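Working notes for the structure below.
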Amino acid sequence: MLGVAAVAALAAGACSSSRGSSTTTTAAPTATSGGGGGGATTTTAAAGEMFGTLPSPCGKGDAKGATDQGVTDTSIRIGYGDDRGFAASPGLDQEMGDAIKGMIKWCNDQGGILGRQIQGDFYDAAITQVNTVTQQACKSDFMLVGEGWALDEAAEGTRVGCNLAAVPGYTVGPDYANGPMVYQGVPNPVDYLPASPYYEMAQLFPDLITKTDVLHTTLASATEVSYNKDLEAMAAAGWTNANCGVTINYNGEPDYKPFAQKYQTCGAKLLFNNLGAGPPLFGMLTAIDQLGIKMTYLMETNDYTTQLSSWNTSGIGDNIYLRDAFVPLEEASQVPAVQKYLDVVKAVGGKVSQLGQQSTSSFLLWATAAKACGSTLTRQCMINNLSKVHNWTGGGLHAPTDPGGNIPPKCGMLLKLTGTTFSQFYPKTIGQFDCNDKYLFKISQAHWGTTLNSNRMSPKFLSSSVILPQP
């Protein structure tokens, strides 16, 4: 979520992990630190088709066999979805489902995966129905691909119980984030945090970090667990938490001014938020503005959406900064992978955002592993292949990550909202990520929200039937 005349390669060192050992790499956008040199991939393009720097894993072929649930001689059935039906925030994370819908069409138009057409089952979890839709997927789908459900933790026992392997767009719950049979294009583990925005804000706005807070909500499992990790990283970067005592209802409040007044009383200068764009967030920001509070905001990448930018016609959100490890959509003309993402989603009439890019990266990761399996396409083969990918950029969509090791990026950037337009704010040079080893922040065990075994995997739902990587 970066524009450059040419997307340069960044070689990121793979972190050691028992989840896999060999390496698959793709070229990545430019960074402000690190080495150069592009890596090879394990796939070849179908008729020269590319997704940015990644040769397409899709195309014609002769893969055969009903090798696993949801796999036939001619098709592969996957589940995907989002929370777009949530009544308090209609369309929530719709870009994720739209991205997978577009990628399925893009892949099938090339011939599928070695000739097998992809059939997609869309599931709208609407926040509270995640276990119901997971039960449905357990009955028929080969894997979950690119999905994003805010209450994913509520279905983790069901998912692991039916050995439903997943390559999600994002994870929230701690047992899912470090769960068995889960690999993400951009990992979000409980024990490591990409902390670049906290150090960057401290460097850029040292006066603001003396009194900070986070916007708490009543959706504890989806927001508060993440906040505990954020607060630890913020403290390491020099932030001082004012702890103003504000908690709003995730479904909205009739009047936000009493909550805004608490920020005013305690003198907060910088507010961090991971609540998605929608009426509750807009109501809170409007109330803060109406009280004349001079607040600067740092937000998660889930707010890099047209819902937020189109809302900011009055400039209330002109002090909003967002963390990112993706090339901004606004720079698509200079980065082929981002332009391809926009074209793919436009072809199905979908909405685009950075969350959609996350789902797209995970789809490409899944498809690359599926192609490598060929006629031995099983969940075991997929997990074996996915566990060996330690340098991944989604063809140049984002900074290098380690899906096989479940390690997030140590590179990032800040975007800024001005009016209805997002733009790269830091680093100033378009086409660069800010990289530093300290940005890969190790979270203390007290804030994991779960326990991990020696393989950095949640043992909560493990059983002898769980599929683990084979040597």
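The values are calculated or read from the model by the stated rules, or taken from the named source; none is laboratory data. Here the structure is a predicted model, which means the values were calculated and not measured. Using ideal geometry, Cβ is built from the backbone for each residue, glycine included, and neighbour counts are taken over all protein chains shown.
Things worth noting here:
- Among helices (runs of 4 or more DSSP H) entirely within segment 210-316, having at least 3 residues that are more than 26 Å from residue 357 (Cα to Cα) singles out 225-236, 257-266, 279-290.
- Checking 45, 66, 40, 27 one by one, the residue that is in a loop (DSSP other than H, G, I, E, B), modelled with pLDDT under 95 and farther than 30 Å from residue 436 by Cα is 45 and no other.
- Residues of segment 197-227 satisfying the condition of being under 17 Å from residue 449 (Cβ atoms) and either surrounded by 19 or more Cβ atoms within 10 Å (Cβ to Cβ) or outside the structural domain of residue 265 (by TED's automatic domain parsing) (or both): 214, 216, 217, 222, 223, 225, 226, 227
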